[in-house]
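What follows is a short report on a single structure.
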Amino acid sequence: MNTHIVKRRKKYRPVDPTQKVLVKQPPLSGFGSSLGVSKFDQLKCKRALAEMLILDELPFRFVENRGFRRFCFELCPLYDLPSRRTIVRELYQLYIDEKIKLKKYFNRSKVRVCLTTDTWTSIQNINYMVVTAHFIDYDWQLQKRIMSFSQIVDHKGDSIGKCIENVLIEWGIDKVFTIAVDNATANTTAIGYVIRKLNSWQDDGAVLGGKYLHVRCCAHILNLIVGDGLKNLHDSIVAIRNAVKFVKSSPSRLERFKKAVAHEKIGTKGLVVLDVPTRWNSTYLMLESAVKLRKAFERLGEEDIQYVNYFRDDENDHKRIGPPNFDDWDNAKIFINFLATFYDITLDFSASLRVTSNIYFKSWCTIRNQLNSVTTERDPLVSKIALSMQQKFDKYKLGYVKFQFDSIFGVEESESMIFKLKGVLLDLYEWYNRFYGSSGGGAKQTNDVFSFGVGGGPNDDLQI
């Protein structure tokens, strides 16, 4: 009987796609699981597969990998795994479905959004522009959506303003709280264009007529401040950069460097990264990684003749600076300690899924105190850089920061700034009370839901 069952059970196993089976249900909160009933659904499986590619940032060809197809067959033989072309169509349909739901949400809720935009030029000399919307949902969760990523004719203010206008019209958004941009002059023209359009659409399109619509990007200002201090890079940084260039210039050189790391028993698998000269935070990361692998570079100087000859050759009719010596490594440590505070604050300012305006004042005061303390140090290397950065900081402080502590600017100036701040808050309160005070709020809750990512809470698969 046992032999008969073993041979025949697969042949006579009932296969009914509509039959419900007991399965473990994912918990709504916390840990553990519970039992429930479920049935196989081909369409739901295909949609879940498309969402997996998005959430885990997987390539389309992943669905055709042999290992994944074998795993899916063993997991559920009933599921007909799609090809990469089929899953691409499913992904596009998912995008269309989510876009329709989001447009309905904006049209019915009339939520006020904050926009962030930036433009850049690719290596093919093509201009691109991205517009991102942030808003608070009914669960008081901060939500983020990329509304547009498209080509733009040029970086002029009118072109940027018209692109923002088209995005607002396409998504049915007519209430904007702020627009965060960098300090380019063209952005001032673009903001003025958007203010005129919002005010013409309806009275409460822009808060206080757009008086505070323009928000300058804190991360960009910080980047300008630190970049100004590092524009004339010290020879120690250049020497380390040249050493990293040698290691990253060919696979054979990188392999020799890995062997040097292993022989020195440094105990780290991380490799050096080459910085982008126009981005100071990448220079910080390069120095940080290179200092950890200092012994490996020193070993190259002792054993690798190509490494030594690399610094004897000329580059653009000038001898390459390096290799880094003992003083260069010590100077790199000083730079790392000095830039660590600015790097951490930049990460805080650049957060996209949490409010950052509440940390602005504290972070700005931290920067000011650090610059004040460093400029008085005896070390000429750091004090010279800090002095240049402080001059840039004071320039933006006068045009952007509205108040500071009494200990920094004195009681009289501090009182004047606080008085101005109270006036701004009072104006905002009176404006909101005039438009929404009698109705108890402008937005009304709708029944629109998103297929995944609702509310931005911990149980969501994807933040909206």
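Here are a few things to note about the model shown:
- Residue match in the range 236-253 (condition: surrounded by 14 or more Cβ atoms within 10 Å (Cβ to Cβ) and part of a loop (DSSP other than H, G, I, E, B)): no
- The residues of the range 127-163 that are buried (at least 16 other Cβ atoms within 10 Å of the Cβ) and in contact with a Cys (Cβ under 8 Å, 6 or more places away or on another chain), listed by number, are MET129, VAL131, ALA133, HIS134, PHE135, SER148, ILE152.
- Residue match in the range 289-306 (condition: buried (at least 17 other Cβ atoms within 10 Å of the Cβ), out of contact with any strand residue (DSSP E or B) (no Cβ under 7 Å at 6 or more places or on another chain), modelled with pLDDT of 70 or more and more than 23 Å from LYS265 (Cβ to Cβ)): no
- Exclusive hit being open to solvent by 40 Å² or more (accessible area, probe 1.4 Å) and touching a residue at least 12 places away in the same chain (Cβ under 8 Å), set LYS99, LYS110: LYS110
- Extreme residue, nearest to HIS234 (Cα to Cα), among residues of the range 307-330 that are at pLDDT 85 or above and of a type in the set (S, T, N, Q): ASN325
- Tallying residues that are assigned to a loop (DSSP other than H, G, I, E, B) and either open to solvent by less than 70 Å² (accessible area, probe 1.4 Å) or at pLDDT 85 or above (or both) within the range 275-288 yields 2.
- Options VAL238, VAL272, VAL194; residue that is farther than 28 Å from ARG145 by Cα and in contact with a Gly (Cβ under 8 Å, 6 or more places away or on another chain): VAL238
- Test result for LYS110, at pLDDT 85 or above and basic (Lys, Arg): no
- Looking across the range 45-79, the residues that are of a type in the set (D, E, K, R) and either assigned to a helix (DSSP H, G or I) or modelled with pLDDT of 90 or more (or both) come down to LYS46, ARG47, GLU51, ARG61, GLU64, ARG66, ARG69, ARG70, GLU74.
- If you filter the range 66-96 down to residues that are under 24 Å from PHE149 (Cα atoms), without any contact (Cβ under 8 Å) to a residue 40 or more places away in the chain and of a type in the set (A, V, I, L, M), you find that the one that is surrounded by the most Cβ atoms within 10 Å (Cβ to Cβ) is VAL88.
- Condition met for GLY192 (at positive phi and either open to solvent by 30 Å² or more (accessible area, probe 1.4 Å) or not hydroxyl-bearing (Ser, Thr, Tyr) (or both)): no
- Residue in the range 164-180 that is nearest to the chain's Cα centre (by Cα), counting only those that are in a helix (DSSP H, G or I) and surrounded by 21 or more Cβ atoms within 10 Å (Cβ to Cβ): ILE164
The values are calculated or read from the model by the stated rules, or taken from the named source; none is laboratory data. Values in this document were obtained by computation on a predicted structure and should not be read as measured data. Cβ: placed from backbone, ideal geometry, glycine included. Neighbour counts: every protein chain shown. With ligands, DNA and RNA removed, areas are computed over all heavy atoms of the protein, side chains included. Shrake-Rupley method; radii C 1.70, N 1.55, O 1.52, S 1.80 Å.
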